[in-house]
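Below is one structure, written out as structure tokens; the observations come after it.
No lab work stands behind these numbers, since they all come straight from the coordinates. Not measured: the values here are computed from a predicted model. Counting neighbours? That spans all protein chains shown, and the Cβs are built from the backbone with ideal geometry, glycine included.
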Amino acid sequence: MTFALTVLGSNSAIPTANRNPTAHLLNVNERFFLIDCGEGTQIQLRKYRFKIQRIQRIFISHLHGDHYFGLIGLITTMQLLGREKELHIYSPEGLQRAIETQFDVSGTRLKYPVYFHSFSTQHTKKIFEDESVAVSTIPLKHGIGCCGFLFCEKPKQKNIQKEAIAQYNIPLEAIHKIKNGHDFTDENGNVIPNSELTLESHTLRSYAYCSDTCYDEKIIPLIEKVDLLFHEATFLDEMKERAKETLHSTAKQAATIAHKAGAKRLIIGHFSSRYKDIEPFMKEAKTVFENTELAIEGKKYEVRQEEINMIS
Ligand SMILES: [Zn+2]
Ligand SMILES: [Zn+2]
């Protein structure tokens with residue numbers, strides 16, 4: 001099963017010639033989740049050969065333009081390409097008004113259903129789940145209401161060992177319960193632990209996306225031991241006063257959060273356009289958290305099952 005992130009936009013508010021505003025694409029088991037949608041996201045999707053119509057759910061962290069100005073273009077292109085299936089958009093309150101106003105003034109009528117789901121930015125909440133993944137919000141401290149998102153794989157039903165069925169004479173009606181993690185009591189009253197009856201199930205993977213935020217240790221319990229953490233790093237630490245004023249973070253602060261949360265890997269991005277060379281971000285973060293990578297557009301960050309097993 002795939003669990004892979006592709007960075008589509010790595011810069012902050014002002015795009016540069018080779019860095020775009022924020023957008024990430026997460027593939028969980030061939031379901032594609034778009035996370036933030038800065039200007040030009042649809043062009044990035046094309047550039048890296050993703051099928052636009054496969055995106056069914058979009059998560060917007062906050063309503064600063066560098067995180068959603070690409071939405072109107074993307075929704076329109078989906079229509080022009082003949083989309084029929086529904087699209088779900090999750091965001092803080094206000095996005096529906098912003099998007100519908102643009103359609104209103106241009107006389108556009110959408111032919112496919114777009115559902116807006118707004119969430120509170122004050123407290124964490126599970127905002128979506130299906131059989132393979134659950135998504136919860138991570139309230140962040142920024143100039144306007146802002147949340148990150150935690151994507152967690154969900155446990156699958158366990159596979160039962162065929163030999164165990166014969167050995168313990170397990171009836172059909174008990175098999176379903178065992179697959180859901182229960183122990184089995186045989187006809188003599190002996191309890192056989194679930195681990196002796198089932199095959200080891202795979203470790204569940206997680207991705208935390210921490211969008212625009214100042215340094216805030218309150219998020220640590222929400223992202224503890226996450227496999228892959230994105231944390232914004234708009235500035236280098238020499239500009240930590242500027243970071244504080246603008247409610248952003250530095251590379252060192254992002255790495256400190258990763259370290260304190262016991263994250264396994266860190267990706268830093270949302271770089272200010274003032275920096276032409278982003279290598280110093282990596283250097284600075286690595287002094288605190290070794291397993292740091294830069295957000296590079298088009299790069300795929302895969303979380304493999306074997307890696308998790310090795311680390312944990
Ligand atoms: Zn931003
Ligand atoms: Zn912002």
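The figures follow:
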item: Under 14 Å from the Glu131 label point (7 Å along Cα→beta-carbon), backbone N, segment 11-46; result: 29-31
item: Packing-based exposure ordering (other Cβ within 10 Å, fewest first) of Ser61, Ser206, Ser132, Ser10; result: Ser132, Ser206, Ser10, Ser61
item: Asp183-Glu200 pseudo-label distance in nm [points 7 Å out on the Cα-to-Cβ vector]; result: 2.2 nm
item: Computed magnitude of the charge dipole of the chain (debye, nearest 20; Cβ of K, R +1, Cβ of D, E -1); result: 820 debye
item: Computed helical MRE - 222 nm, the chain, DSSP H runs ≥ 4 contributing -39500 (n - 2.57), nearest 500; result: -7000 deg cm²/dmol
item: Descending principal axes extents, the chain, alpha-carbon based, whole Å; result: 72, 52, 35
item: Filter on Lys156/Lys218; Lys156/Lys225; Lys126/Lys260; Lys126/Lys218 - keep pairs with C-alpha separation over 25 Å; result: Lys156/Lys218
item: Rounded D (µm²/s) - segment 155-272, Kirkwood Rh over Cα pairs, Stokes-Einstein at 10 °C, 1.306 mPa s; result: 91 µm²/s
item: Ascending count of other beta-carbon atoms within 10 Å, so fewest first, for Leu25, Leu229; result: Leu25, Leu229
item: Shape of segment 22-125, Cα gyration tensor, a/c cut at 1.5; result: rounded
item: Between segment 178-205 and segment 22-64, the Cα center-to-center distance that results, in Å; result: 39 Å
item: Theoretical FRET efficiency, 1/(1+(r/R0)^6), r = Cβ-Cβ of Arg242 and Ala4, R0 30 Å, to 0.05; result: 0.35
item: Full-stretch length increase - Thr77, Thr108 - with 0.36 nm per residue and alpha-carbon distance subtracted; result: 9.9 nm
item: Cα gyration tensor shape of segment 27-73, rounded if a/c is under 1.5, else prolate or oblate by comparing a/b with b/c; result: oblate
item: Surrounding net charge for Ile219, when Lys and Arg each add one and Asp and Glu each subtract one, Cβ distance under 14 Å; result: -1
item: Computed label-point distance, nm, for sites Asp277 and Gln305 using a 7 Å Cα→Cβ extension; result: 4.3 nm
item: Three semi-axes of the equivalent ellipsoid, segment 213-312, Cα gyration tensor, whole Å, largest first; result: 23, 16, 10
item: Environment charge of Ser132, counting only residues whose C-beta is closer than 10 Å and scoring Lys/Arg +1, Asp/Glu -1; result: -2
